[in-house]
Amino acid sequence: MLPDLRDDFPLLARSVRNGKSLAYLDSGATAQRPHAVLNAMDEFDRLHNGAVARGAHLLAEEATEAFEGARGSVARLVNAASPEEIVWTSNATAALNLVANGIGNASAGQGGAASSLFRVGPGDSIVVTQAEHHANLIPWQQLAARTGATLRWIEVDDLGRHRLEQLGSVIDETTKVVAFTHASNVTGVVSDVAAFVARAREVGALTVLDACQSVPHIPVDVQALGVDFAAFSGHKMLGPTGIGALWGRKSLLDVLPPSVFGGGAIMTVTLEETTWHPAPTRFEAGTQPVTQAVGMGAAAEYLMALGMEDVAEHERRIARIIREGVSEIPGVRLLGPVGDAHDVLGIATVAVDGVHTHDVGQVLDDLGVAVRVGHHCAQPLHKRFGVTGSTRASAHVYTTEEDAERFLAGLASVREFFGVPA
Amino acid sequence: MLPDLRDDFPLLARSVRNGKSLAYLDSGATAQRPHAVLNAMDEFDRLHNGAVARGAHLLAEEATEAFEGARGSVARLVNAASPEEIVWTSNATAALNLVANGIGNASAGQGGAASSLFRVGPGDSIVVTQAEHHANLIPWQQLAARTGATLRWIEVDDLGRHRLEQLGSVIDETTKVVAFTHASNVTGVVSDVAAFVARAREVGALTVLDACQSVPHIPVDVQALGVDFAAFSGHKMLGPTGIGALWGRKSLLDVLPPSVFGGGAIMTVTLEETTWHPAPTRFEAGTQPVTQAVGMGAAAEYLMALGMEDVAEHERRIARIIREGVSEIPGVRLLGPVGDAHDVLGIATVAVDGVHTHDVGQVLDDLGVAVRVGHHCAQPLHKRFGVTGSTRASAHVYTTEEDAERFLAGLASVREFFGVPA
Amino acid sequence: MSSLEQMYQQVIMDHAKSRHGAGLVQLDLPAVGESHQVNTTCGDEVTLRVGLDGDTVSSVRWEGQGCSISQASISALTELVEGHSIEESEEVYEAFRALMGNRGEDLGDDRDDMLGDAGAFVGVGKYPARIKCALLGWMALRDAIAHAQAAGVEGETHG
Amino acid sequence: MSSLEQMYQQVIMDHAKSRHGAGLVQLDLPAVGESHQVNTTCGDEVTLRVGLDGDTVSSVRWEGQGCSISQASISALTELVEGHSIEESEEVYEAFRALMGNRGEDLGDDRDDMLGDAGAFVGVGKYPARIKCALLGWMALRDAIAHAQAAGVEGETHG
Ligand SMILES: Cc1ncc(COP(=O)(O)O)c(C=O)c1O
Ligand SMILES: Cc1ncc(COP(=O)(O)O)c(C=O)c1O
């Protein structure tokens, strides 16, 4: 079980509107950062900042060590086979685009024969799901448009769970890529990764996992999951903004063509021609987010010290309180499985009858409860649920039962405030 | 004239090898950060961190205000017509790729008629120069390869200055893009932007300026320069890593197709189709480097408070000392104009007869003098000078005459250390 | 009165319910223009049709979905501008924008009177994220008027 | 002795000048393999050719440009492995790698003897950025041996 961690997070000590203490339930959008992370970055900037892998001086050496050490920490968090399987990106969105754009470039002939396993074109299909965040939908939509491939999707049922019976028909011999989320940022439902991977393997398709909402909250072992790529962000796992990571099998990363070009990523350059490094360097063009890597590494260490099993258990407990609580409030509909579902993260997203999500959020904000409103970059899923927007409470390691109770109390007051008949 | 600013920069107080104080002359690779920047970021993370432009709560509001305020600061630094002309990117490399990849996508038909002004294809040419950093070379090389356009380049003379007499012939009616650096990161030579722009306009070509080495060191007024796009990085202008910026004319940015896709950048998404926002939002997919934007904004304010004229004057003075000093050391060759040249920044790059640049750097490092060794991501220019590598000293606002003297003394001792006959 | 109550004044709650001008009927007027606007932060949208008679905004009809602030704001602006000149509607718009930028304070001059019911939105100015909601309808109105004017000119030329 | 002097010991300076095995001559041996390696941080490169006679590394010849550490290291390894078995050269390589990872300390066991002149590179271990320089030649050697072995096998099969 986790201890009370609020004191580790300086921001949680501040007061918000009307002098109220803060119940921060917007971690699904961006998490707060512990002292351990902030101090690691500050110390780096104040003592060790230098050009990574470039200078010949002590600072450059120390900076390189800190940068590569951080890569090792993140590799351990997700059990990558080696640190070289971790590519730094600017966020999870960039990581997913790196794969999609790399496939696009391979399809246009880049990388030659070695990269031909990535080629897609007319007659091929790319499969996503109805539960995807736009970050794991639009890159594939655009890739399909660019290559002439067809975009298909797996639907979800009324509770937001994938209709696994569609795997066999939607994923077929034409399928080259299956991109799906590990956990929905709306319902919190955790996908049955094994089922996706098994089917993808049958047809020889690559698998790309959006692990944005899983890596910060539950144990993730990329090797055990059996996917080919996984993307996640620093800022959702208690790390800084400005950084994300792509994990990929080394053998695949080494032949995926890059799509952002510049210094550091190349072996030799003439005005006519360029040859690339192996991964991860080939993807890391230009000056990297070094301080942010150090912060993300510190966040990985912080999470590992807590223990991801305990983190998951803690957040499940909070989720149970919220999910059970909301189901008792009249006129409030929970999007996703109701009650104590085993496959749901610390996320509860609701639609309030007769009150727009903006108005719901405003009332909660006034009470010091910070939530997210809108479509959460998941318009297709909202359409599936028949709503345009919703209000989401999402937990992290520092979330307390009191936070959950304050959310429930606030939510219960909303319809009366707006005079909606019970 | 600038006051002594060393105390503003915490890192400069540390000692390096052998307990020596630090003479940091690697600012051309990455600069150090003042308290003002570090504190702005730390304060943001500790007090105001929230999801930008998404949440309905106080933190989200404060974070959005800080983020957009920073955009305004950077816009003022380069005299953009409005903050919407500043797009956040992860570094300058990403900014340049954003333009090249956007043009690539437009050339593949994206963006329809509105984006047709960006189309390049067989028969068209793209022009760069021999002085380019790889970040402003490889994206264009790849764009040419992808679209069937031809890559051409303007050569430099023996002192590293562009051979402007080639502008008329190399840039012609087939030219769609002219991409060139504002200042060389090797010679420090400042380009004659007006000459490039005038010729590009004659033939209706777009101009893309690599302003990586200019924005941090001299006054830059993008409107007065008359270019269409300009790219620069946070970490070279006393800001953090993990962020850069693209400036572009609003009318062009609004129709340049994006090449990284995700949340926040889009108007509406169905599983089949997506429509984009105007700039800058269309390019800012996924969670942005918010803390880093705040840091880059603080750096812009810090520089503006110093006054860019004074910054330039200070660095010119340091450069004069170094450039004159090295010309007196036997066996040391300065790459670029010798002596007190008016068009050269605070950069001095040398080749030492009979001693490899790595060995030069090592000796300087031992003396507490931090420089950069290698090809500085400018292989074509090094080839032009007939060397494979060089040793670069580069100044910033905090560089002192003493730093310059220590570099010169160290450099003078190198050949003897390695027993090279005088 | 708390900030929240200042924001959701009774006038606003009433407009959010009664929604003047709601319903996208055909307008039989010399110049008709339509605009569709989306608040991309939340997906809220409005389609607004305007009918001009010379320089007069004769009729405003709309259909939309959104939060109480956006809906009430469209309702209030419909009441305000119908029957008034384009120039007057532009003046009201400018006053409303100023109010939104005033961080929760009345403007303190005669523009407050000009705003009528729309003055009740004063509390929105304290919440930057919600200003967009209050302005959504105004964006649609101005865009629709521009379209109507263009259509009117075309009607004259070709008609 | 300062760290710098420890790094650039006289033995190293000498090897950097005399460069054993420099010059890429044709090797008339049963199995010949070649490798080209680049240190991408600085663009330094080496082309190294190895001639095997059975399990013996009979000859090493190379051409390269680079810093004194990389050049001296190739020279020292040439002296060390020529005339020894592939297995022995592999052992020396392992010892050298261990030395590089030892942060400026001797290994303190009989591997120090095995390393001969290459033991003088001990000081490089203090400078992570330079370890690559010292290893460049070793990468080339092992790769060239692998190629020579492959060529030898092919020679046997097809010869
Ligand atoms: C002239 C020039 N252009 C582009 C870059 C690339 O900048 P960044 O590494 O921040 O992307 C650099 C810096 O290395 C540079 O000096
Ligand atoms: C499921 C999911 N995928 C992708 C993303 C995008 O992550 P980022 O904004 O850090 O790029 C998010 C977060 O918004 C998410 O929740």
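Of all residue pairs spaced 6 or more apart or on separate chains, those with beta-carbon atoms under 9 Å, a first member in the range A:11-28 that is without any contact (Cβ under 8 Å) to a residue 24 or more places away in the chain and farther than 17 Å from residue A:405 by Cα and a second member that is of a type in the set (Lys, Arg) and within 16 Å of ligand 2 (Cβ to nearest atom) are A:11/A:33.
Residues that are surrounded by fewer than 18 Cβ atoms within 10 Å (Cβ to Cβ) number at least 1 in the following strands (runs of 3 or more DSSP E) confined to the range A:73-158: A:150-154.
For (1) modelled with pLDDT of 95 or more; (2) touching a helix residue (DSSP H, G or I) at 6+ places or on another chain (Cβ under 8 Å); (3) surrounded by 21 or more Cβ atoms within 10 Å (Cβ to Cβ), each residue gets a yes or a no:
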position	(1), (2), (3)
C:66	no, yes, yes
C:76	yes, yes, yes
C:86	yes, yes, no
C:116	no, yes, no
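When residue B:323 is tested against (1) without any contact (Cβ under 8 Å) to a residue 40 or more places away in the chain; (2) within 12 Å of another protein chain (Cβ to nearest Cβ); (3) out of contact with any helix residue (DSSP H, G or I) (no Cβ under 6 Å at 6 or more places or on another chain); (4) under 30 Å from residue B:128 (Cβ atoms), only condition (2) is not met. Restricting attention to the range A:238-258, the residues that are within 14 Å of another protein chain (Cβ to nearest Cβ), at negative phi and buried (at least 24 other Cβ atoms within 10 Å of the Cβ) total 8.
Within the range B:146-157, is even one residue touching a residue at least 24 places away in the same chain (Cβ under 8 Å), within 14 Å of chain A (Cβ to nearest Cβ), under 30 Å from residue A:287 (Cβ atoms) and in contact with a Cys (Cβ under 9 Å, 6 or more places away or on another chain)? Checked against the condition, which is being touching a residue at least 24 places away in the same chain (Cβ under 8 Å), within 14 Å of chain A (Cβ to nearest Cβ), under 30 Å from residue A:287 (Cβ atoms) and in contact with a Cys (Cβ under 9 Å, 6 or more places away or on another chain), the range B:146-157 yields no hits at all. Taking residues in the range D:18-29 that are in contact (Cβ under 8 Å) with a residue 60 or more places away in the chain, and partners anywhere that are acidic (Asp, Glu) and surrounded by 11 or more Cβ atoms within 10 Å (Cβ to Cβ), the pairs with Cβ atoms closer than 9 Å and at least 6 places apart or on different chains are D:21/D:79; D:21/D:82. In the condition set (1) more than 26 Å from residue A:8 (Cβ to Cβ); (2) charged (D, E, K, R); (3) within 26 Å of the chain's Cα centre (by Cα), residue B:20 is compliant with all but (3). Every condition in (1) touching a residue at least 12 places away in the same chain (Cβ under 8 Å); (2) within 26 Å of the chain's Cα centre (by Cα) is met by residue A:386 except one, and the failing one is (1). Within the range B:127-169, the set of residues being among the acidic types (Asp, Glu) and over 18 Å from residue B:229 (Cβ atoms) comprises B:155, B:157, B:158, B:165. Among the residues making up the range A:350-388, those that are surrounded by 22 or more Cβ atoms within 10 Å (Cβ to Cβ), on the phi > 0 side of the Ramachandran plot and assigned to a loop (DSSP other than H, G, I, E, B) are A:376, A:377.
Put simply, of B:389, B:361 the only residue that is closer than 22 Å to residue D:65 by Cβ and within 16 Å of ligand 1 (Cβ to nearest atom) is B:389. Looking only at the range B:389-422, which residues are part of a helix (DSSP H, G or I), touching a residue at least 60 places away in the same chain (Cβ under 8 Å) and buried (at least 19 other Cβ atoms within 10 Å of the Cβ)? Matches in the range B:389-422: B:403, B:404, B:406, B:407, B:408, B:411, B:414, B:415.
Select from the range A:47-67 the residues that are facing chain B (nearest Cβ under 7 Å) and more than 30 Å from the chain's Cα centre (by Cα) and write down the one among them that is farthest from residue D:130 (Cα to Cα). Out of the qualifying residues, it is A:47. Taking the criterion of being within 11 Å of chain B (Cβ to nearest Cβ) and not hydroxyl-bearing (Ser, Thr, Tyr), the residues of the range A:114-130 that qualify are A:128, A:130.
Let's see how each residue does on (1) modelled with pLDDT under 95; (2) within 20 Å of residue A:213 (Cα to Cα); (3) within 11 Å of ligand 2 (Cβ to nearest atom):
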site: A:83; (1), (2), (3): no, no, no
site: A:88; (1), (2), (3): no, yes, no
site: A:96; (1), (2), (3): no, yes, yes
site: A:99; (1), (2), (3): no, yes, no
site: A:103; (1), (2), (3): no, no, no
site: A:110; (1), (2), (3): yes, no, no
site: A:123; (1), (2), (3): no, no, no
site: A:130; (1), (2), (3): no, yes, no
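I'd like to check something: does the range B:241-253 contain any residue that is in a loop (DSSP other than H, G, I, E, B) and touching a Lys or Arg at 6+ places or on another chain (Cβ under 9 Å)? The answer is no; no qualifying residue exists.
The values are calculated or read from the model by the stated rules, or taken from the named source; none is laboratory data. This is a predicted model, so every value here is computed, not measured. Glycine also receives a Cβ, built like all others from the backbone with ideal geometry; neighbour counts cover every protein chain displayed.
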